[in-house]
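The values are calculated or read from the model by the stated rules, or taken from the named source; none is laboratory data. Quantities reported herein were computed from a predicted structural model and do not represent experimental measurements. Don't worry about glycine lacking a Cβ; one is built from the backbone with ideal geometry, like all the others, and counts go over all protein chains shown. For the accessible areas, the whole protein counts, side chains as well, though only heavy atoms, and no ligand, DNA or RNA atoms are used. Shrake-Rupley method; radii C 1.70, N 1.55, O 1.52, S 1.80 Å.
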Amino acid sequence: MTLSVFFILLFAALLHASWNAIVKAGSDKLYSAIAVSGSAALIALVLLPFSPQPTLASAPYLIASCALQVIYTVLVAKTYQVADMSQTYPLMRGTAPLLVAIISVLWLGDSLSSVAWGGIAVICLSILGMAFNGRSQSRKGIWLALLNSCFIAGYTLVDGTGVRLAGSALGYTLWTFFMNGFCLLLWAMLARRQEVMRYLAANWKKGLPGGIGTMGSYGLALWAMTQAPLAVVAALRETSILFGALLAFLLLNEKVAGLRIIAACGIAVGAILLRLS
């Protein structure tokens with residue numbers, strides 16, 4: 001992995017943790033997630049006419065990714081309703097890279113060096129240690145986070161294949177966020193129109209930076225998937241856990257101490273191993 005791809009993925013990780021913190025800080029987690037996705041869809045709609053369009057070969061992957069990511073977004077909101085971000089965010093993000101690594105090697109033909117496998121293992125174990133450290137844990141939150149990790153792995157693998165067929169990482173990214181946001185907004189307007197309209201009117205200023213964050217984060221990750229193995233990109237992107245823990249401590253007043261600090265150092269070590277792979 002080149003140094004430029006490495007630092008771009010670290011920046012993408014920061015953006016990812018930021019939009020998750022915006023959702024967690026919202027008064028209604030589901031509506032906050034819809035505000036973020038809706039903002040991203042509007043941004044994508046404005047930019048689509050000026051972007052190279054993805055090939056038709058990537059269309060099935062866009063559709064499958066949309067279904068997986070809509071469920072993922074709803075599950076993020078549900079998870080944050082019942083558990084702390086500092087507990088469930090690491091669990092969601094930490095399990096997915098290992099699933100991506102195994103599936104991408106066995107079925108998609110990616111190859112990983114022993115150093116890369118070591119880096120992925122260190123990051124996953126450190127993240128899981130961070131997630132399970134602490135006395136106050138929500139069992140429901142843990143199960144929701146583990147379930148969501150499967151959807152994260154699913155859309156990562158789908159999009160990793162789709163963006164390589166698309167011929168344009170930018171075009172694929174914009175269509176991804178337009179479709180995801182449109183589906184969520186359509187459901188919200190049909191099911192809870194008045195409540196959603198009131199929430200969006202009062203909180204659109206928070207949704208807009210969240211939309212920029214989620215689009216920037218995943219767009220950069222999709223581009224990186226055309227430059228490096230999916231498993232390496234997925235694992236390195238999860239250094240967002242470091243930023244998520246910091247934001248949870250600084251902005252959400254959640255306690256981050258003990259084993260979580262050690263786990264954060266482990267994630268950093270894993271990132272270095274991936275850089276050297």
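Going by the structure shown, is SER51 surrounded by 21 or more Cβ atoms within 10 Å (Cβ to Cβ), in contact (Cβ under 8 Å) with a residue 40 or more places away in the chain and among the hydroxyl-bearing types (Ser, Thr, Tyr)?
On the way: surrounded by 21 or more Cβ atoms within 10 Å (Cβ to Cβ): no; in contact (Cβ under 8 Å) with a residue 40 or more places away in the chain: yes; among the hydroxyl-bearing types (Ser, Thr, Tyr): yes.
Answer is no for this residue.
Any idea which of LEU125, LEU165, LEU146 is closer than 29 Å to ILE267 by Cβ and open to solvent by 70 Å² or more (accessible area, probe 1.4 Å)? If you could, list the steps in order and put the result at the bottom.
Values: LEU165 fails: closer than 29 Å to ILE267 by Cβ; LEU146 fails: open to solvent by 70 Å² or more (accessible area, probe 1.4 Å).
Result: LEU125 is the single residue among LEU125, LEU165, LEU146 that is closer than 29 Å to ILE267 by Cβ and open to solvent by 70 Å² or more (accessible area, probe 1.4 Å).
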LEU184, sole failed condition from (1) surrounded by fewer than 21 Cβ atoms within 10 Å (Cβ to Cβ); (2) in contact (Cβ under 8 Å) with a residue 12 or more places away in the chain; (3) under 20 Å from SER32 (Cβ atoms); (4) aliphatic (A, V, I, L, M):
(1)
Filtered residues of the range 246-263 (kept if at pLDDT 70 or above and open to solvent by less than 60 Å² (accessible area, probe 1.4 Å))
LEU247, ALA263
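Suppose the filter is out of contact with any Asp or Glu (no Cβ under 8 Å at 6 or more places or on another chain), farther than 18 Å from SER240 by Cα and open to solvent by less than 20 Å² (accessible area, probe 1.4 Å); does ALA57 pass it? Outline the logic, then answer.
Details: out of contact with any Asp or Glu (no Cβ under 8 Å at 6 or more places or on another chain): yes; farther than 18 Å from SER240 by Cα: yes; open to solvent by less than 20 Å² (accessible area, probe 1.4 Å): no.
When the stated conditions are applied, ALA57 does not pass them.
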Give the residue, chosen from THR226, THR214, that is surrounded by fewer than 20 Cβ atoms within 10 Å (Cβ to Cβ), in contact (Cβ under 8 Å) with a residue 60 or more places away in the chain and under 25 Å from THR2 (Cα atoms).
THR226
Cross-chain or 6+ apart pairs with Cβ under 8 Å, the range 152-168 first and without any contact (Cβ under 8 Å) to a residue 40 or more places away in the chain and assigned to a helix (DSSP H, G or I), then surrounded by fewer than 24 Cβ atoms within 10 Å (Cβ to Cβ) and not charged (D, E, K, R):
none
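Every residue in the range 104-121 that is surrounded by fewer than 21 Cβ atoms within 10 Å (Cβ to Cβ) and either under 15 Å from SER240 (Cα atoms) or in contact with a Ser or Thr (Cβ under 9 Å, 6 or more places away or on another chain) (or both), please. Show your work before the answer.
From the range 104-121, those surrounded by fewer than 21 Cβ atoms within 10 Å (Cβ to Cβ) are 105-115, 117-118, 121; that's our starting set.
Once the filter is applied, which keeps residues that are surrounded by fewer than 21 Cβ atoms within 10 Å (Cβ to Cβ) and either under 15 Å from SER240 (Cα atoms) or in contact with a Ser or Thr (Cβ under 9 Å, 6 or more places away or on another chain) (or both), the range 104-121 yields VAL105, LEU108, ASP110, LEU112, SER113, SER114, VAL115, TRP117, GLY118.
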Under 7 Å between Cβ atoms, which residue pairs at least 6 apart in sequence (or on different chains) link something in the range 105-119 that is farther than 14 Å from THR161 by Cα with a partner that is part of a loop (DSSP other than H, G, I, E, B) and hydroxyl-bearing (Ser, Thr, Tyr)?
SER113/SER277; VAL115/SER277; ALA116/SER277; GLY119/SER277
Do you know which of the residues in the range 93-103 that are within 15 Å of ILE267 (Cα to Cα), open to solvent by less than 30 Å² (accessible area, probe 1.4 Å) and of a type outside the set (D, E, K, R) is modelled with the lowest pLDDT?
GLY94
